[in-house]
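I have placed the structure first, in the form of structure tokens, so that the comments after it can refer back to it.
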Amino acid sequence: MKPILEKLLPQPDASFSVSAKGQPLFDPFLHKHDMFELTYMPRIKAQRFIGDNVREIDDSELVLLAPNLIHCWHILRAEEQTISALVIHFSEDFMGSDFFKKPELSGFQKLMKLAQRGIKFNGKLVKDIVSLMQDMRAEPPIRRFITLLRIFEIMADASSDNYEMIASANYKTLRDEKEYKKINQIYGYVQQNYMENISLQTAADIANLSPSAFCRYFKKCTHKTFIEFVKEVRISRACHMLRDQHISIAEVGYACGYNNMANFNRQFRQVTQKNPRTYQRLFSFEANGTRKF
């Protein structure tokens, strides 16, 4: 997986961009860019990476990301959607260097700082904002800008109950290009090889460090150990398999890189607070319409 530093350009008639993306092609590689990103993803199965957070998603979500926050949605399954993924990109100075320093925007400025960890919104405001994002695509430039300000207003007025942080409190955006490329290559190595034996030595070689130095380096950059990260990737993939496929728990464990089922069960519980059998049973109930969790 090659590291990607995405260069985003505004639309010809605007200082910011609004676009729609088909989910199968949406952000398949870990990347970052120098703009704020507001993304709406319709319900879809994906393994989401934002900062130091790895999670399987199976629901729609509205997320605000600050510049240089590494992220991707690795699609596990996509279906035809009536609503495409919607994305707005804007720079901090897209209306001048002092634009967000205006007192009228003080509430949104606070959210911009929180977005360094990534913000996931919830509640009724998601529906309201998505409706505005859809409208923007057909609006003339001035009306599009007014609609963007309306979105800023809705987010700024959101209570703490209407959003949650994604990356950990200790996570810091990777701004150094060398560090970013190393971490991206390591993420790629794990993503491509989670079903096999993950070698600490290989990961250390990718970073051009000794194993002990690599462990310290990875913890410094991500605020989690390399072993914890590998575990999260594997268990996230195991969750997807348990929910989507009628295969045995042992087959899922082996397919996700576990040769020892006791270890698989223990790590699954550590991440999900459930054992694999309970997890599979819960979502088989949901699929059959017997019970909704």
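The values are calculated or read from the model by the stated rules, or taken from the named source; none is laboratory data. None of the values given here were measured: they were computed from a predicted structure. Every residue, glycine as well, gets a Cβ built from its backbone with ideal geometry; the counts of neighbours run over all protein chains shown.
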**Hey, SER84 in the same structural domain as PHE49 (by TED's automatic domain parsing), at negative phi, loosely packed, with under 13 Cβ neighbours inside 10 Å and among the small types (Gly, Ala, Ser) or not** = no
**Item:** Subset tally (residues that are within 21 Å of LEU114 (Cβ to Cβ) and either under 24 Å from the mean Cα position of the chain (by Cα) or of a type in the set (Lys, Arg) (or both)) for segment 133-152
**Value:** 5
**Prompt:** Are there any pairs, at least 6 apart or on different chains, whose C-beta atoms fall under 6 Å, with the first in segment 33-52 and assigned by TED's automatic domain parsing to the domain that holds MET133 and more than 23 Å from LEU132 (Cβ to Cβ) and the second assigned to a strand (DSSP E or B) and among the acidic types (Asp, Glu), and if so, which?
**Reply:** LYS45/ASP58; GLN47/GLU56
**Request:** Filter segment 113-150 down to residues that are touching a residue at least 40 places away in the same chain (Cβ under 8 Å) and not charged (D, E, K, R), then give me how many there are.
**Result:** 16
**Prompt:** Residues in segment 34-82 that are more than 11 Å from the chain's Cα centre (by Cα), at pLDDT 85 or above and either charged (D, E, K, R) or under 28 Å from LYS182 (Cα atoms) (or both): how many?
**Reply:** 8
**Request:** Please find, within segment 200-227, the residue that is surrounded by the fewest Cβ atoms within 10 Å (Cβ to Cβ) out of those that are charged (D, E, K, R) and within 21 Å of the chain's Cα centre (by Cα).
**Result:** LYS220
**Matching residues, segment 228-276, being crowded, with 17+ Cβ neighbours inside 10 Å and among the aliphatic types (A, V, I, L, M)** = VAL230, VAL233, ILE235, ALA238, MET241, LEU242, ILE249, VAL252, VAL271
**Request:** Return yes when LEU174 is farther than 24 Å from HIS71 by Cα and either at pLDDT 95 or above or of a type in the set (A, V, I, L, M, F, W, C) (or both) and no when it is not.
**Result:** no
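A quick yes/no check of all residues on (1) closer than 18 Å to PHE94 by Cα; (2) under 20 Å from the mean Cα position of the chain (by Cα):
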| site | (1), (2) |
| --- | --- |
| LEU105 | yes, no |
| LEU114 | no, yes |
| ASP128 | no, no |
| ALA158 | no, no |
| ALA169 | no, yes |
**Message:** Of the residues ILE154, ILE198, ILE186, only one is in contact with a helix residue (DSSP H, G or I) (Cβ under 8 Å, 6 or more places away or on another chain), in the same structural domain as LEU111 (by TED's automatic domain parsing) and modelled with pLDDT of 85 or more; which?
**Reply:** ILE154
